[in-house]
Amino acid sequence: MKNYLLGLLLGLTLSAIAVQANDAAKPKGPDEDGTLPALVKIAGEGTMDSHAFEYLTELSDEVGARVTGTPSAQKSIDWGLAKMKAIGLQNVRAEKWTMWKGWTRGKAEAELLEPLHHPLAIDAMGWTGSTPANGVEAEVITANLFDLDEEIRTVGKFRGKIVLMSPKGNPKKGFDAIFAQFGDFLRAAHRAGAFAVIGGQGGFKAEGMHLTHTGILGFAADFAIPVVDMTREDQGQLERFLEAGKTVRVRMNVQNTFSNGPVDSANVVGEIPGREHPEELFVVGAHLDSWDLSEGATDNGTGSTSVLAAADAIVKSGFRPRRTIRFVLFTGEEQGLLGSLAYIKQHESEMKNHLGDVVLDLGQGPIKEFQLGGRSDLLPAFEPFLRALANIREIQVSDKIEIETDTAPFTLAGLPGINLDQDSPDYKYTYHSAADALEAVKPDVLAQNATIMAMTAFWIADRPERLASPWPAEKTARMLREKGEYDTLKAFGLWPFGDLGAEPSTTN
Ligand SMILES: [Zn+2]
């Protein structure tokens with residue numbers, strides 16, 4: 001009897017240990033962790049009673065373009081605050097931050113004078129300068145975008161010329177390195193007395209049929225020289241003339257205005273407070289600011305209205321998550337992630353309570369992948385969640401890092417900056433261009449993206465176990481170096497870790 005009991009007890013203990021070990025190895029999905037009833041309700045609200053497209057229509061047609069620091073950007077901030085309040089979020093507020101300089105687009109006109117005579121379609125790149133008031137008339141010569149070292153060394157030849165950026169041969173550097181060095185080239189060309197530069201973001205040529213794409217040319221960087229993007233069609237013809245040895249003369253008049261000093265902006269913030277751990281929080285974000293050649297419907301009206309529609313679906317579900325979900329519409333993203341960087345600074349004392357953020361910023365297509373921003377430790381936790389979403393959409397998970405949107409400051413803070421990667425083949429045409437309009441967005445895809453964003457946020461905030469805590473800086477720095485992100489972050493002035501994470505030098 002004694003032996004039998006002992007054996008039974010031992011057996012029970014062993015099986016309990018086995019169950020525990022099994023639990024640790026196999027993360028629970030919504031069907032096991034208690035989140036399923038809420039997710040079912042949120043999915044219903046998000047798809048059957050979605051307000052996402054209605055929000056996007058308002059943002060596109062009542063606010064329109066909203067370049068950070070401009071009056072229309074302030075209008076978008078007020079609109080975001082009003083929406084969050086109407087949805088029923090709590091602690092709704094504008095969190096002010098200051099941008100180094102404001103910029104307003106004026107006219108951009110160009111005309112080919114020789115060897116043919118016709119108008120050229122151009123638009124100014126953001127935070128770039130102006131020609132003299134009556135414009136300039138000059139010969140166009142090319143600079144090889146793929147050998148900026150050489151072009152900077154011989155920059156004197158651009159004096160009194162309009163420079164056309166044209167890639168020749170094989171690039172010696174990656175895209176990000178070229179992007180960063182293009183800024184150095186622009187400063188050198190300006191000092192050398194060049195009149196203007198034709199080249200898009202990173203100096204690259206425009207995509208699409210008769211489109212120009214504006215954008216910033218460095219993180220929080222401005223340039224005194226006028227820089228314009230020209231349509232692919234017009235630029236291609238100039239390139240052919242120049243390759244054939246013909247003289248190309250262009251008249252150009254570009255007028256932009258910089259503010260006299262710093263300008264104010266604000267992130268728009270609202271919350272669903274957690275029912276058990278309100279101090280712990282997960283951020284759902286997207287950037288509210290846009291460029292100004294159209295309505296900014298796909299960059300990033302879709303992301304902003306997904307954030308709002310996600311909040312709406314969760315509030316209407318009647319379920320409250322264990323932890324707080326904080327909804328943030330960032331501004332200044334287009335000038336170098338300025339709003340999300342400001343957020344991290346302003347909330348520094350709270351960062352230990354953050355679980356991460358999820359961001360949607362790749363236009364109009366359906367979500368196809370959760371990219372966990374280097375946090376490979378979280379991949380197993382997502383597997384059962386993805387299985388739970390399988391009847392809504394097949395979504396992959398990876399630990400890829402997206403440093404070109406508001407995920408990056410969270411990744412740098414050691415948290416999972418979760419990027420919702422999208423299948424958006426048309427985005428290369430719509431982003432920063434005159435085609436960035438409501439016409440490009442399908443209501444069903446938008447509602448479904450917003451619903452997936454809502455379910456992701458709720459699941460992360462509500463699952464019994466805390467998904468993630470910030471890594472120490474050393475660990476984050478090492479991960480980013482191993483993932484090959486150091487050079488780019490350094491080039492854009494975003495590397496905050498100094499020598500941290502570098503391999504100790506080995507001596508033989
Ligand atoms: Zn964007």
(request) Out of Ser265, Ser259, report the one residue that is among the hydroxyl-bearing types (Ser, Thr, Tyr) and closer than 30 Å to Ala311 by Cβ. (result) Ser265
(message) Among the listed residues Gly236, Gly274, identify the single one that is closer than 24 Å to Pro409 by Cβ, outside any strand (DSSP E or B) and away from the ligand (no atom under 16 Å from the Cβ).
(response) Gly274
(request) Return yes or no: is Lys96 surrounded by fewer than 19 Cβ atoms within 10 Å (Cβ to Cβ) and either modelled with pLDDT of 95 or more or under 23 Å from Phe327 (Cβ atoms) (or both)? (result) yes
(request) Find the residue count for region 55-69, including only residues that are surrounded by fewer than 16 Cβ atoms within 10 Å (Cβ to Cβ) and within 30 Å of Pro30 (Cα to Cα). (result) 0
(message) Going through Leu329, Leu308 one at a time, which residue ends up being more than 15 Å from the ligand (Cβ to nearest atom), among the aliphatic types (A, V, I, L, M) and either modelled with pLDDT under 95 or more than 22 Å from Gly34 (Cβ to Cβ) (or both)?
(response) Leu308
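Could you pull out the residue among Ala342, Ala388, Ala434, Ala381 that is among the aliphatic types (A, V, I, L, M), assigned to a loop (DSSP other than H, G, I, E, B) and either at pLDDT 95 or above or crowded, with 22+ Cβ neighbours inside 10 Å (or both)? Show your work before the answer.
Values: Ala342 fails: assigned to a loop (DSSP other than H, G, I, E, B); Ala388 fails: assigned to a loop (DSSP other than H, G, I, E, B); Ala381 fails: assigned to a loop (DSSP other than H, G, I, E, B).
Result of the check over Ala342, Ala388, Ala434, Ala381: Ala434.
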(message) Given the condition surrounded by fewer than 21 Cβ atoms within 10 Å (Cβ to Cβ), in a helix (DSSP H, G or I) and at pLDDT 95 or above, answer yes or no: does some residue in region 253-260 qualify?
(response) no
(message) Condition (residue is in a strand (DSSP E or B) and in contact (Cβ under 8 Å) with a residue 60 or more places away in the chain) applied to region 239-246: is it met by at least one residue?
(response) no
(message) Just to check your reading of the model, which residue among Val283, Val315, Val263 is within 30 Å of Ala194 (Cβ to Cβ), in contact (Cβ under 8 Å) with a residue 40 or more places away in the chain and in contact with a strand residue (DSSP E or B) (Cβ under 9 Å, 6 or more places away or on another chain)?
(response) Val263
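The values are calculated or read from the model by the stated rules, or taken from the named source; none is laboratory data. Small disclaimer: the values here were computed from a predicted structure and weren't measured. All Cβ positions, even for glycine, are placed from backbone atoms using ideal geometry, and neighbour counts span all protein chains on display.
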